[in-house]
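A.B. asks: So that we are looking at the same thing, I have put the structure below in structure tokens.
Computed from the coordinates by the stated procedures, all read-outs in this text should not be read as laboratory data. It should be emphasised that the depicted structure is a prediction, and the values quoted were computed from it without experimental measurement. When we count neighbours, we look across all protein chains shown, and the Cβ atoms used for this are built from the backbone with ideal geometry, even at glycine.
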Amino acid sequence: MHGSICAGDFQGTHVLRFLGDVRVTLCGALDTYCERMIKDPDFHAVVIDLEQTENLDSTALGCLARLSIRVKKLNQRVPTLICNSSNLKRILSSMGFHDVFMIVDRAAYDALSLPALPEGIELPAGTDLAMESTRARVIAAHKQLMALNATNAETFKDLVEALEQEQRDGIPPSDAL
């Protein structure tokens, strides 16, 4: 299954719509967009729409956690995450996302009488295919997940340590990233 991320904004509210199978190859473009979004002087909120998401890998989850923490520091509010999938909700819950997002289903979001979500444009996949920067992004994303709770810290500890050791030893990143 192919994945993509569409992004758009309306009067300072940004929307990130994750479609299909969202993996590490989309995280470079996601990070770039989020960096510009946070610096936008009109920025005041972000909504993550997972209604059409089938899967999120752990790097994508880490990027979302980092985004949420940055947004909360900036405006003292956590982002809204729309999710109807019980499977994804279980994953989000196990990762500690209830602490860093307001997670609602589509009906609850619509009941809040918020503006309609803009369609947005598709972010380019794989714009940064340099393996070393991909490894650094994977490490940073997993460290963010580890910071959310003790279970995540234990789950991703060995992976992060191995990737950091490879980085220190100058071992080229594997194609598995």
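A.B. asks: Can you work out ³J(HN,Hα) from phi for every residue in the range 54-69, in order, using Karplus 6.51 cos²θ - 1.76 cosθ + 1.60 and θ = phi - 60°, giving whole Hz and x for Gly and Pro?
C.D. replies: After applying 6.51 cos²θ - 1.76 cosθ + 1.60, I find 9, 7, 10, 7, 5, 5, 4, 4, x, 5, 5, 4, 4, 4, 4, 5 Hz.
A.B. asks: Separate question: How high is the relative contact order of the chain, given as a whole-number percent (alpha carbon pairs under 8 Å, six or more residues apart)?
C.D. replies: 25
A.B. asks: Cut-off is 10 Å between beta-carbons; in what order do 160, 138, 22 appear when sorted fewest neighbours first? Could you put the intermediate results ahead of the total?
C.D. replies: Details: 160 18, 138 22, 22 28.
Ranking 160, 138, 22 by Cβ neighbours within 10 Å, fewest first, gives 160, 138, 22.
A.B. asks: Any idea how far the Cα center of the range 56-81 sits from the one of the range 1-48, in Å?
C.D. replies: First find each Cα centre; the distance between them is then 11 Å.
A.B. asks: Taking neighbour counts of Cβ atoms within 10 Å as a proxy for exposure, in what order, fewest first, do 169, 105, 9 appear?
C.D. replies: 169, 105, 9
A.B. asks: I want to check the label-to-label distance for residue 149 and residue 87. Put each point 7 Å from Cα in the C-beta direction and report it in nm to one decimal.
C.D. replies: About 2.1 nm, to one decimal.
A.B. asks: For a distance above 20 Å, tell me the whole-number percent of Cα pairs in the chain that qualify.
C.D. replies: 52
A.B. asks: Here's something else I'd like to know. Arrange the following residues from fewest to most other Cβ atoms within 10 Å of their Cβ: 121, 139.
C.D. replies: 121, 139
A.B. asks: Can you compute the FRET efficiency between residue 112 and residue 52 using 1/(1 + (r/R0)^6), with r the Cβ-Cβ distance and R0 = 25 Å? Round to the nearest 0.05.
C.D. replies: It comes out at approximately 0.80.
A.B. asks: If you add up the charges near residue 2, with Lys and Arg at +1 and Asp and Glu at -1, over every other residue whose beta carbon is less than 15 angstrom from its beta carbon, what do you get? Don't skip to the end; give the middle numbers.
C.D. replies: Values: positive: 17, 23; negative: 21, 54, 57, 122.
Taking every other residue near residue 2 into account, the sum is -2.
A.B. asks: Now for a different question. Can you tell me the FRET efficiency between residue 158 and residue 44 if r is taken as the Cβ-Cβ distance and R0 is 30 Å, rounded to the nearest 0.05? Write out the running numbers ahead of the final one.
C.D. replies: Values: r = 39 Å, r/R0 = 1.31.
Approximately 0.15, to the nearest 0.05.
A.B. asks: Residue by residue through the range 93-109, what is 3J(HN,Hα) from phi via Karplus (6.51 cos²θ - 1.76 cosθ + 1.60, θ = phi - 60°)? Round to whole Hz and write x for glycine and proline.
C.D. replies: Those phi angles translate into 5, 5, 7, x, 5, 5, 7, 10, 9, 8, 9, 9, 8, 4, 4, 5, 4 Hz.
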